[in-house]
Amino acid sequence: MSGDSVLFHRRDWERIQRLGVHPGVVSPERYATKVASGMALAHATLQATKEVVPTIPTIKGVHYIMFESVHPWAGTFRKPGEEVRAGDLVCSLAENVMGDLMKLRREMINHPLKGSRQYKAEVLAFYHASLLAIHPFLDGNGRVSRTILDFQTRKLLGHPLSRAINRAEYVEGLRRAQEDGHLQFLAKLVARNDLTLSRSVTESVAQSRRVSEEDELLVSKPVLSSDLGRVRGGVSR
């Protein structure tokens, strides 16, 4: 996704500094360069694993590889009191992060990751939206989640995650999945590269509009904890 070029507003850089950075990370440009290198290594590391649904150590490991050169706390989940929001969504309480991640993984591995491409795309959309709803880290959740999603689309759909996904459509897809439980919109973005492999433009358009009624959705809504209610004083993300 083009948003992973890591462009900053001044307040974004100030927020990242408050979270704690290594002494050598003195500018947003330096931060972006180091994170980009970490992302490339994290991508390569994930390709060597067979975990379509990553374990908790793998999720921590991806974050550590990606951010070890910028954050002293890389690979560490949020601690109690470090509550966050993702836009208007109040994420898992820090004390529930571990449990919610375990619950999410159980939900995934208890359902076969087989079926039509539409079904697989909806499963991946569910996992992606749920992982971002948990928001296990203070920084880098989007890049970690998209790196994992890229690995999953390669494994299940046979293509990398498109780097040309429109950011506004992506944000809207996440909103629909997290707030309304509607996974189809985000799933279409996940499968977009795959749809371009259709034999004709007409077939591609028809396939992109098709919502398979026979494919049962994994769940109705990616809400994983009763503690995802309103949290006062949360950190804006």
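The values are calculated or read from the model by the stated rules, or taken from the named source; none is laboratory data. Given the structure is predicted, the values throughout are model-derived calculations rather than measurements. In this analysis, Cβ positions are derived from the backbone assuming ideal geometry, glycine residues included, and neighbour counts consider all displayed protein chains.
Some points to look at:
- Residues that are in contact (Cβ under 8 Å) with a residue 60 or more places away in the chain and either under 20 Å from the mean Cα position of the chain (by Cα) or assigned to a loop (DSSP other than H, G, I, E, B) (or both), drawn from the range 13-48: Ile16, Val35, Met39, Ala42, His43, Leu46, Gln47
- Ala125 being more than 30 Å from Gly81 (Cα to Cα), surrounded by 18 or more Cβ atoms within 10 Å (Cβ to Cβ) and not polar (S, T, N, Q): no
- Among the residues making up the range 131-172, those that are within 23 Å of Leu41 (Cβ to Cβ) and of a type in the set (Phe, Trp, Tyr) are Phe137, Phe151.
- Filter result (without any contact (Cβ under 8 Å) to a residue 40 or more places away in the chain and outside any helix (DSSP H, G or I)) within the range 50-60: Lys50, Glu51
- Residue pairs whose Cβ atoms lie under 8 Å apart, separated by 6 or more positions or on different chains, with the first residue in the range 61-78 and farther than 15 Å from Ala94 by Cβ and the second among the acidic types (Asp, Glu) and modelled with pLDDT of 95 or more, are Ala74/Glu68; Gly75/Glu68.
- Residue in the range 93-108 that is surrounded by fewer than 19 Cβ atoms within 10 Å (Cβ to Cβ) and not in a helix (DSSP H, G or I) present: no
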